[in-house]
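J.: One structure follows; several queries about it will come next.
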Amino acid sequence: MSAQLPREPSLLSMDVKTSKKIEINHRRNKELDHTELLDDAAKNFNYADCKDSYWNPEKFSLLHGTPLWDEASESQRVLLNQLYWVAYYSQIISAEIATIFFNQTSAAGLFGLNDFRGVCDMLDLESAQERAHINAFFTVSEKVEEEVFGQRIFSYDMRNPYAQTMIFPDTNKLKDVWRNVQLRSYAVLSSGSAFIASQYFTVRGLRTLNGKMVQQRLSQFYQKDPNKENLPIPSAISYYHYMDESFHFNSSCIIGHDVIRSLPKPTAFETLVGNMGILGCQKDHSNFSVVVNGLFWYEPALFESVYKILRSNIFNMCDREAKEMMRRCFCQENDAVHASFNTMELAIESYKKYLDPLDYVNQGNKDLALMRKMSIEKYLNTNKKAFQKFEVPAGYESNHRAQVVLS
């Protein structure tokens, strides 16, 4: 009987510093896990208990800095503040559904290597936490929209990980089909390539960077208040979520920057796929929104939702009043346009620093060339063209002329 050969150590096991980072991040995340607190918060949420309170710092309100905000009453501003929470975390739900899935496909791509169990265990914990986050966000968002509007505005039924990550994107049916194909292909590739599996966390880190800046400020609304027990439950959820996500961002940095150095040099194909993933992130983040400063939603896709809010009994606007307000908010320069564009510029600079140390990233991605094409002028021109179609639906003018002739 032959003697058992010793297992060949991996580069990761010999990288003591990175291995220690993984161990510490995983251990501290388990020790400070907020899953139970999030589940309790979701169970105890009652909109009537906090419907008259701000849930975020004031500037984190829907359409803050637009003419609508400037002319709103105090009770309307409170609701706009709450709707920012609903809208923002509805987007986070979509991102976290994708995260759960790609955590698992990436873990499959890494677990086949010696000594990578610690990375995979770290991701398993994160996926369980994401399910608690999603449940808390869904619970609050659905209850608020049901009570206030009696219909969905920003929330939606559960979706699969192959759906558009952005819930208000610049898309059409053909683009949706092509994206679905790309995501399914990426899932297969990441489960079979350790490099692509690790590189996913470079993309995940990019998608988290801007969110981290926003969520930190949302969490401080709860964290810095000495009277925490009397604050609205959604404010506590923001804090619990941010605390978990801080460890998740650390994971993205460790895997996407450090672990990736323990892998063989990527092939030309793997390099291509890695850069396509980063370019896809740029495409998703190539717009900015005055509806929710901090998200990269395509504004024309939001027209219908904003119209419903303005026509609701909260604002009681007629069709003409609602559309005129939308024109002022979306088609003219205002404080919100400049503030949201500034947020996008800050995101670009943080992305640039994040990508700079990675040798496989091409220059177009390192420069964030696609995102830099956006400007305030381009934003306003896009909105003006789209709003003309929204304001006067297709077929209205010809039908109207026909009615005039018949009369």
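The values are calculated or read from the model by the stated rules, or taken from the named source; none is laboratory data. These numbers come from a predicted model, not from an experiment. Cβ coordinates were reconstructed from backbone atoms using ideal geometry, including for glycine residues, and neighbour counts include every protein chain displayed.
J.: Give the residues of the range 37-84 that are touching a Lys or Arg at 6+ places or on another chain (Cβ under 7 Å) and surrounded by fewer than 21 Cβ atoms within 10 Å (Cβ to Cβ), sorted by residue number.
T.: Phe45, Tyr47, Pro57, Pro67
Table: residues versus (1) at pLDDT 95 or above; (2) surrounded by fewer than 18 Cβ atoms within 10 Å (Cβ to Cβ).
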{"position": "Phe111", "(1), (2)": "no, yes"}
{"position": "Asn135", "(1), (2)": "yes, yes"}
{"position": "Ser141", "(1), (2)": "yes, no"}
{"position": "Glu146", "(1), (2)": "yes, yes"}
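J.: While we're on this one: Only one residue in Ser235, Ser251 is part of a helix (DSSP H, G or I), within 30 Å of Glu8 (Cβ to Cβ) and at pLDDT 95 or above, so which one is that? Working first, answer last.
T.: Working: Ser235 fails: within 30 Å of Glu8 (Cβ to Cβ).
Going through Ser235, Ser251 in turn, just one is part of a helix (DSSP H, G or I), within 30 Å of Glu8 (Cβ to Cβ) and at pLDDT 95 or above: Ser251.
J.: Hey, another quick one. I need every pair where a residue in the range 311-339 that is of a type outside the set (A, V, I, L, M, F, W, C) has its Cβ under 8 Å from the Cβ of a residue that is part of a helix (DSSP H, G or I) and modelled with pLDDT under 95, sequence separation at least 6 or different chains.
T.: Lys323/Glu391; Arg327/Glu391
J.: With the requirement that a residue be surrounded by fewer than 20 Cβ atoms within 10 Å (Cβ to Cβ), under 18 Å from the mean Cα position of the chain (by Cα) and not in a helix (DSSP H, G or I), what does the range 166-210 give you?
T.: Pro169, Asp170, Thr171
J.: Looking only at the range 361-407, which residues are at pLDDT below 95 and either hydroxyl-bearing (Ser, Thr, Tyr) or touching a Cys at 6+ places or on another chain (Cβ under 7 Å) (or both)?
T.: Hits for the range 361-407 are Tyr396, Ser398, Ser407.
J.: Would you list the helices (runs of 4 or more DSSP H) that sit entirely within the range 1-117 and hold 3 or more residues that are hydrophobic (A, V, I, L, M, F, W, C) and within 23 Å of the chain's Cα centre (by Cα)?
T.: On the way: elements: 11-14, 16-31, 35-44, 47-50, 67-71, 74-111.
Output list reads 35-44, 74-111.
J.: I'm trying to understand the selection: among the residues of the range 248-279, which are farther than 16 Å from Arg207 by Cβ and within 19 Å of the chain's Cα centre (by Cα)?
T.: none
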